[in-house]
1. Report the label-to-label distance for Lys92 and Lys266 in nanometres (one decimal), using points 7 Å from each Cα along the Cα→Cβ vector.
2. How many nm is it between the label spots at Phe259 and Ala177, if each spot is 7 Å from the Cα in line with the beta carbon?
3. Enumerate the aspartates and glutamates that Lys92 could reach by cross-link, defined here as Cα to Cα under 17 Å, with residues fewer than 8 away along the same chain left out.
4. Largest first, how would Ile164, Ile217 line up by accessible area (1.4 Å probe)?
5. For the chain, set up a Gaussian network in which alpha carbons nearer than 10 Å are linked by springs, and say which option among Thr197, Thr206, Thr100 fluctuates the most.
6. Taking the Cα centre of the chain as origin, work out the dipole magnitude from +1 charges on Lys and Arg Cβ and -1 charges on Asp and Glu Cβ, in debye rounded to 20.
7. Using a/c under 1.5 as the rounded threshold, could you call the range 71-205 rounded, prolate or oblate? The axes a ≥ b ≥ c are square roots of the C-alpha gyration tensor eigenvalues, and prolate needs a/b larger than b/c, oblate otherwise.
8. Students often check this: by mean Cβ neighbours within 10 Å, which of 259-268, 81-90, 143-152 ranks highest, and how do the rest follow?
Amino acid sequence: MFQNRAEALALALPAAVFATLVFLLPVAILLSEGFRAGGGWTLSAYADFFSQTLNRTVFLRSFRLGLEVTAVSAVVGYAAAFAIVNLPASGKGRIIGLVTLPLMISPVARTYAWIVILGRTGIVNQAITGLGLSAEPLRLLFTETAVFIGLLQLFLPLMILSLISALENMPRDAIPAARVLGANWFQVFWKVVLPLTREGLVIGGTLVFTGSLTAYITPAVLGGSKVLMLETLMYQQVSVANNFISASVIAFILIVMSFAANILLKRIATARNRR
């Protein structure tokens, strides 16, 4: 398509310069704040951050909720993707449209809808009190459970779509051949389906985990100040405490965790494929 590499690089140069000035440079400046505390290059800001009990609790909570949302999304996503892939073409298109529909709605609207569902006078509490399971409405909002449900509903479609794409690219005769050879359904999934769809799982897992770590609206609305996450803590450090060094530390932690999740998922998938 191009006469030589120099011509291709020259055409890509304006986009690369724009991305560097608008995105990479500001991020690099922000992240460098955490390493320049006290006037020199040091890791003291990170030591101070993890020395505080609140920060350690928020870090572990964010990491745990990210893992839980990703794990549940993978389980539900595989079941939903299998069901959708095996539908007739006309039905498959409609169901995929329903799966993608929440992605077209603002996360703010979807999150505030959970207040109506999980509030003291919401649908869930009305059902619980109506069935006699509890005399008083339960406190469902501003809990880790509410944040988990909101994040799961927010990012589950990404996992389902990734797995649908992976399953559609899998050879059609792989599962019947494994069944003919005597494999049960667990063996079929573990030894045939999972290795052949690992790329979809890696992509979906990365999107769900990093999205759960970096989402702000859902934890802020459903968790409030009682269930702080790293992103809500970073917002407080900037807007309330005016502590840009601590915010830089949190931003760096979020970036490292996102890259680490992607690398770890790829290595697990590669190791599983080699075995």
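1. Once both label points are built, they end up 2.9 nm from each other.
2. Distance between the two pseudo-spin positions: 3.9 nm.
3. Leaving aside aspartates and glutamates fewer than 8 places away in the same chain, those within reach of Lys92 are Glu168.
4. Sorted by accessible area, descending: Ile217, Ile164.
5. Thr100
6. Values: 20 positive and 10 negative charges, 140 e Å.
For the chain, the charge dipole is close to 680 debye.
7. prolate
8. Working: 259-268: 14.8, 81-90: 13.1, 143-152: 21.5.
The densest-packed peptide leads the list: 143-152, 259-268, 81-90.
The values are calculated or read from the model by the stated rules, or taken from the named source; none is laboratory data. Computed from a prediction, not measured in an experiment: that's the story for all the values here. So basically every Cβ, Gly included, is an ideal-geometry build from the backbone, and we count neighbours across all protein chains shown. Keep in mind that these areas ignore ligands, DNA and RNA; they rest on the heavy atoms of the full protein, side chains included. Shrake-Rupley method; radii C 1.70, N 1.55, O 1.52, S 1.80 Å.
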